[in-house]
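For reference, the structure is listed below as structure tokens.
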């Protein structure tokens, strides 16, 4: 048994990067595009990149040659589209060791003289991981405000980094000066990745000063400490994909495995940041125990087991 500390684990539905040629559709703000020929290597969950596509676009559905993706295209799509693996990194929040247990698949055969022989058919790994008191959510529905500017009958707030607010969010802003720039429970009329626009309180004028804070009070804001996928997402991933092969990536310091009958090379060492091994596997074990509850999230103990195919 190997205990891999300072390591990480990620899952994906695919591990076969591929390309396709644009055929039609895919205008600006579109969420579908037609490629020139069906491609079985394109899978839901892959990243899709190319002219006209937003950064970090992901395939959400496939129907023949029609690919649905999110977020919407930024301009007309054209040319070659690249589909690559999208790894979903499971949180390190209160994560225990990643255990890797090799199992040897053997065949026994007794010879004519009674001698029993064993043949090694294959060696497979079982990867297991568990968490203690991990939050349900991984998504932080808060943002730091860089500025607020009155534009006509609205305030345009600019955030210091991309946020996840939508036009259905109920946003509270605090910490800005003067006080009319602080708002409570207002729904934005327009949203981009780093701005949101709300109706202007009558007393607000000019530009805000200081550092503010915005929160979507309609969403859970108790999250994993690293922003990686938490217990609720892991549970849903298991429910949807426990009966199909998936891919698991374990990141840890290691040596490159040599060919059979050879010795490992001292120069083939990889660090804990870059070393990785990818398995195609089934999810063969799952458990969840709800330890603590709040009004917005649960804290749970969870285990996962993957058996290499």
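The values are calculated or read from the model by the stated rules, or taken from the named source; none is laboratory data. Keep in mind that what you see is a predicted model, and the values were worked out from it rather than measured. Don't worry about glycine lacking a Cβ; one is built from the backbone with ideal geometry, like all the others, and counts go over all protein chains shown.
Yes or no, residue by residue, for (1) part of a strand (DSSP E or B); (2) in contact (Cβ under 8 Å) with a residue 60 or more places away in the chain; (3) in the same structural domain as residue 135 (by TED's automatic domain parsing); (4) more than 16 Å from residue 90 (Cα to Cα):
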| residue | (1), (2), (3), (4) |
| --- | --- |
| 258 | no, no, yes, yes |
| 266 | no, no, yes, yes |
| 280 | yes, yes, yes, yes |
| 283 | yes, no, yes, no |
| 286 | yes, no, yes, no |
| 289 | yes, no, yes, yes |
| 292 | yes, yes, yes, yes |
Legend entry - Residue identified as in contact with a helix residue (DSSP H, G or I) (Cβ under 7 Å, 6 or more places away or on another chain) and either surrounded by 11 or more Cβ atoms within 10 Å (Cβ to Cβ) or over 25 Å from residue 216 (Cα atoms) (or both) among 90, 133: 90
Inset, instruction - Search region 196-224 for residues being assigned to a loop (DSSP other than H, G, I, E, B), modelled with pLDDT of 90 or more and under 28 Å from the mean Cα position of the chain (by Cα), and hand back the single one that is farthest from residue 176 (Cα to Cα). - result: 224
Inset, instruction - Please state which of the following conditions residue 92 fails to meet, knowing it meets all the rest: (1) under 30 Å from residue 233 (Cα atoms); (2) in contact with a strand residue (DSSP E or B) (Cβ under 6 Å, 6 or more places away or on another chain). - result: (2)
Inset, instruction - Select, from 236, 240, 203, the only residue that is touching a helix residue (DSSP H, G or I) at 6+ places or on another chain (Cβ under 6 Å), surrounded by fewer than 14 Cβ atoms within 10 Å (Cβ to Cβ) and more than 21 Å from residue 126 (Cβ to Cβ). - result: 203
Inset, instruction - Say whether the condition of being out of contact with any strand residue (DSSP E or B) (no Cβ under 8 Å at 6 or more places or on another chain), surrounded by fewer than 18 Cβ atoms within 10 Å (Cβ to Cβ), farther than 30 Å from residue 188 by Cβ and assigned by TED's automatic domain parsing to the domain that holds residue 22 is met by at least one residue in region 72-79. - result: no
Legend entry - Condition met for residue 196 (crowded, with 19+ Cβ neighbours inside 10 Å and in contact (Cβ under 8 Å) with a residue 12 or more places away in the chain): yes
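Would you point out the residue of region 39-88, among those that are assigned to a strand (DSSP E or B) and at positive phi, that is farthest from the chain's Cα centre (by Cα)? Walk me through it before giving the result.
Step one: list which residues in region 39-88 are assigned to a strand (DSSP E or B), which gives 47-51, 58-63, 66-70, 78-84, 88.
Then keep just the ones that are at positive phi; that gives 50, 79.
Details: 50: 20, 79: 27 Å.
The qualifying residue farthest from the chain's Cα centre (by Cα) is 79.
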